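What follows is a short report on a single structure.
The values are calculated or read from the model by the stated rules, or taken from the named source; none is laboratory data. These numbers come from a predicted model, not from an experiment. For neighbour counting, all protein chains shown are included, and Cβ atoms are generated from backbone atoms with ideal geometry for every residue, glycine included. Each accessible area value is taken on the protein alone, full model and side chains, heavy atoms only, with ligands, DNA and RNA left out. Shrake-Rupley method; radii C 1.70, N 1.55, O 1.52, S 1.80 Å.
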Amino acid sequence: MKKRNIMAIVTVLLTLCPILIGLLLWNKLPDRIPTHWGINGRIDGWSSKKATVFAMPFIMACGQIIMLAAVYADPRKKNIHKKTMTVGLWIIPVLSLVLNSAVYAIALGMKISMTIIIVFVLAFLWIILGNYMPKLQQNYTIGIKVAWTLNSEENWNHTHRMAGKIFVAAGIVLLLEGTLLLTGIIGENVSYYLMIAVILVSVIVPTGYSYLLFRKEFENICLLHVYLLCYSVKK
């Protein structure tokens with residue numbers, strides 16, 4: 001069996017692993033389990049025990065299968081750095097294990113802040129992705145996939161080198177945010193908006209940079225065409 005098939009099976013099974021954990025804890029879990037938290041970090045949504053234990057991991061497993069299908073169907077998948085692909089394929093399984101385990105822990109009465117967990121998970125994820133982004137070559141699955149990067153290898157490379165730095169910086173900011181939240185210096189309201197702002201900046205800035213590179217390249221081509229036209233008219 002090919003390594004990629006083993007990877008696919010293992011990651012999907014690990015994504016479904018919280019179902020087994022939920023079954024082991026079944027008799028201890030309450031009939032209604034908190035599954036949604038508001039901006040202030042307070043619980044504002046509940047689900048049944050069956051929906052929590054079975055539906056949530058199953059939905060995430062479907063997402064993992066879609067991710068696997070997209071990666072393996074990518075005609076440029078050979079351009080995806082192996083370590084970057086590995087990191088990408090492990091994101092959903094890790095999220096499934098961490099988030100579903102946290103839901104179970106909270107349902108059992110443990111005092112855990114879901115906001116803190118999410119902030120730290122995103123911080124480490126952004127730092128890891130940022131380290132591997134500069135190694136990415138053009139592909140249709142992982143990276144900043146806009147028309148300008150997909151149509152120009154130079155644009156793609158410059159954009160992802162810059163994006164790598166932005167993602168690492170954003171991850172460090174999120175780590176600091178999580179630490180401030182953990183120590184009580186900032187509240188969960190502030191933390192929520194800061195987290196959204198950091199994520200948006202880390203996505204919008206590289207995309208905007210990519211567009212500026214495209215505009216510059218387009219203007220250079222236009223100038224070249226004008227120069228060639230003038231030169232041909234002179235002759």
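For region 1-127, taking the reciprocal of the average inverse distance between every pair of different Cα atoms yields a Kirkwood hydrodynamic radius of 15.9 Å.
Dipole size of region 41-106 about its Cα centre, with +1 on Lys/Arg Cβ and -1 on Asp/Glu Cβ: approximately 240 debye, rounded to the nearest 20. Calculated on C-alpha atoms, the gyration radius of region 143-204 divided by its Kirkwood radius gives an Rg/Rh of 1.15.
Under 5 Å from the amide H of Ser47 lie the amide H atoms of Ile33, Thr35, each residue being 5 or more positions distant or on a separate chain, with H modelled from the backbone and absent for Pro and chain starts. Structural descriptor for the chain: relative contact order 19 percent, calculated from alpha carbon pairs under 8 angstrom and at least 6 residues apart. Share of carbon and sulfur in the accessible area of region 18-74 stands at 67%, probe radius 1.4 Å. For region 95-111, 3J(HN,Hα) computed residue by residue from phi via the Karplus equation (6.51, -1.76, 1.60; θ = phi - 60°) reads 4, 4, 5, 5, 5, 5, 5, 5, 4, 4, 4, 5, 4, 8, x, 6, 7 Hz, glycine and proline entered as x.
Where Lys and Arg each count +1 and Asp and Glu each count -1, what net charge lies around Lys49 among other residues with Cβ under 9 Å from its Cβ? Before the final figure, lay out the partial values.
On the way: positive: Arg32, Lys50; negative: Asp31.
So the surrounding residues net to +1.
Rounded to whole numbers, the Karplus 3J(HN,Hα) couplings from phi for region 7-23 are 4, 4, 5, 4, 5, 5, 5, 5, 5, 7, 3, x, 5, 4, 4, x, 5 Hz, using 6.51 cos²θ - 1.76 cosθ + 1.60 with θ = phi - 60°, and x at Gly and Pro. Loop-located trypsin sites (Lys or Arg not before Pro) in region 40-79 (DSSP state not H, G, I, E or B) with no more than 15 neighbouring Cβ atoms inside 10 Å: Arg42, Arg76. Note that region 59-70 has calculated 3J(HN,Hα) couplings of 4, 5, 5, 4, x, 5, 5, 5, 4, 4, 4, 5 Hz, one per residue in order, obtained from phi through the Karplus relation 6.51 cos²θ - 1.76 cosθ + 1.60 (θ = phi - 60°); glycine and proline are x.
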